[in-house]
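The structure under discussion appears below in the form of structure tokens.
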Amino acid sequence: MLRSYTLERQKWSDLGYFRVTGLLPQVCLPFRCCAFHFEDNQQDAPAILSKMDPRELIARFHPPQLLSSFFSSLYSSYNNTSTPVLGASTLICTIIVYTIAKMFGPGSRNEFNVEGQTVVITGGSEGMGRAVALELSAKGANVVVVARTVSKLVTAVNEMKTKAANKFKQKFHYISADLTDPAECERVIAEVTTWNSGAAPDVVWCCAGFSRPGFFVDVPIQEHRQQMDTVYWTAANTAHATLRNWLEPVLPSAQMKTTRRHLIFTCSTLAFVPITGYSPYSPAKAAIRSLSDTLSQEIEMYNGAYRRHRGAAPAADVRIHTVFPMGILSPGFDNEEKTKPELTKKLEEADKPQAPADVAKIAISALERGEYLITTNFIGSMMKGTSLGGSPKNSIIGDTLLSCLSHLVFLQVIPDLRNKAFTWGKRNGLPSANGTPAS
Ligand SMILES: NC(=O)C1=CN([C@@H]2O[C@H](COP(=O)(O)OP(=O)(O)OC[C@H]3O[C@@H](n4cnc5c(N)ncnc54)[C@H](OP(=O)(O)O)[C@@H]3O)[C@@H](O)[C@H]2O)C=CC1
Ligand SMILES: CCCCCCCCCCCCCCCC(=O)[C@@H](N)CO
């Protein structure tokens, strides 16, 4: 016979839970409304509970045990806590606790509130960068866009002004710079700091970059190197200048108590799974992913010093994130289509390119949930799943299930990509220099 008693917060304190020092109160709090079961002869359970040693109560509140005895009682074999039943109950409990924690835990807080903050967006004049700039200005951020061409930057600033949540409070600015030059990145951060009344930016989002597809041997080696400069080095230079500023040790009195800073990279799902015809580009994006994973570990030393060490430490906590879009319908995309081999177009057929505004919205929502590696659609998530490796996970259960599923799917996908390339060569022979099949 199962009897349930609900314990309200008041009862917990009656029981002296809040007087118990150490971890106990924190452990008990989430379970304050819970059910206990007692044997039939224990009629006055609340009275018994109130006299019980808190430690014994905790020992009794063993969710898998409770659930498994509930299941067993359904089959009128009370107290049958056989290994399979207990195992199944443990699994169910884990999923329930995890789901509740997700609903009410850190996930429900906005981890990326940009209202009143200052955001720098490289490549912010076009495509995804511009869409991110417009979206964040609509969320109340002060935004600085950085790229080379002034005319496009001016247009982006004017568009942000019309989108602003609070036209009187928010400020917008642009800086023209070629970010393949590290000195230019240092100048950008210094100029933004001066413009922002001496305060460093709160968010730096690296979006600059474009792709020049082509087969490895057809693309001149200098262009491979240029892709590394445009894709990897614009991001690494920006990250270097930004982190050197953010991680400068300051005395505790100058440390910010509430603010957290975010450094965001923009990668591509090609960093997870390569596709024929992207050899000038994918290695540079894979390098960004590796830099991001390294920094996500390394930054914890600085965050530890900021949060716990009493001496000089950085002024604020820093979070690293990386966004992995699939195709984006941008001016850059139109341009890459010009040199993209027909075979590459065929292999990426499954991808339906997304509008820049959609990519920006999806990425920002993921940042608000506090995600680290961010994908923007289902195929992108599958590509991530098959190559998660040593990257920190957004959710242990979700990412592990995703990983198992996508490993099964990719058992077929990778041979299929290779077969398609082989069949293409068999049918069409070698392509001419511009990528179209030679007759
Ligand atoms: N389009 C796609 O299908 C995909 C794109 N991505 C990535 O997303 C990001 C945005 O792509 P997309 O929306 O296509 O962007 P676009 O190619 O449309 O725009 C690129 C932006 O970067 C700027 N930029 C380029 N080179 C430099 C440089 N050396 N220094 C400073 N700024 C520079 C450009 O301005 P200017 O030329 O004036 O300097 C422009 O603002 C890129 O990192 C791209 O690799 C990822 C997956 C798919
Ligand atoms: C269910 C799972 C099926 C998996 C199928 C795999 C198909 C691969 C599609 C690859 C698309 C790559 C888009 C990259 C865009 C990009 O980065 C460039 N446009 C550069 O700008």
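Nothing in this text is a laboratory measurement; each read-out follows from the coordinates by a stated rule. What you see is a predicted model, and the numbers here were worked out from it, not measured in a lab. No Cβ is skipped: glycine too gets one built from the backbone with ideal geometry, and neighbour counts run over all protein chains shown.
Every test in (1) in a helix (DSSP H, G or I); (2) within 16 Å of ligand 1 (Cβ to nearest atom); (3) crowded, with 19+ Cβ neighbours inside 10 Å is passed by Ala287 save one, and that test is (3). If only residues of the range 162-206 that are without any contact (Cβ under 8 Å) to a residue 12 or more places away in the chain and either more than 16 Å from ligand 1 (Cβ to nearest atom) or in contact with a helix residue (DSSP H, G or I) (Cβ under 7 Å, 6 or more places away or on another chain) (or both) are counted, the one that is farthest from Thr230 (Cα to Cα) is Phe168. Within the range 111-164, the set of residues being assigned to a loop (DSSP other than H, G, I, E, B), on the phi < 0 side of the Ramachandran plot and within 16 Å of ligand 2 (Cβ to nearest atom) comprises just one member, Glu126. Can you confirm whether the range 243-255 contains a residue that is within 16 Å of ligand 1 (Cβ to nearest atom) and touching a strand residue (DSSP E or B) at 6+ places or on another chain (Cβ under 8 Å)? No, that holds for no residue.
Taking the criterion of being aliphatic (A, V, I, L, M) and within 15 Å of ligand 2 (Cβ to nearest atom), the residues of the range 206-222 that qualify are Ala208, Val219.
So which residues in the range 305-364 are of a type in the set (Val, Ile, Thr), more than 14 Å from ligand 2 (Cβ to nearest atom) and in a loop (DSSP other than H, G, I, E, B)? Before the answer, list the steps.
Looking only at the range 305-364, we keep the residues that are of a type in the set (Val, Ile, Thr), and these are 318, 320, 322-323, 328, 339, 344, 359, 362, 364.
Checking which are more than 14 Å from ligand 2 (Cβ to nearest atom) leaves us with 318, 320, 362, 364.
None; the set is empty.
Summed over the range 185-214, the residues that are surrounded by fewer than 20 Cβ atoms within 10 Å (Cβ to Cβ) and outside any loop (DSSP other than H, G, I, E, B) give a count of 7.
Scanning the range 174-184 for residues that are over 14 Å from Ala241 (Cβ atoms) and either assigned to a helix (DSSP H, G or I) or under 27 Å from the mean Cα position of the chain (by Cα) (or both) returns a single hit, Tyr174.
Selection over the range 139-164 of residues that are exposed (fewer than 15 other Cβ atoms within 10 Å of the Cβ) and of a type in the set (A, V, I, L, M, F, W, C) gives a count of 2.
Checking Arg261, Arg310, Arg319 one by one, the residue that is charged (D, E, K, R), touching a residue at least 40 places away in the same chain (Cβ under 8 Å), touching a strand residue (DSSP E or B) at 6+ places or on another chain (Cβ under 8 Å) and surrounded by fewer than 21 Cβ atoms within 10 Å (Cβ to Cβ) is Arg319 and no other.
Is it true that Ile374 is part of a helix (DSSP H, G or I), of a type in the set (Val, Ile, Thr) and touching a residue at least 24 places away in the same chain (Cβ under 8 Å)?
Working: part of a helix (DSSP H, G or I): no; of a type in the set (Val, Ile, Thr): yes; touching a residue at least 24 places away in the same chain (Cβ under 8 Å): yes.
Answer is no for this residue.
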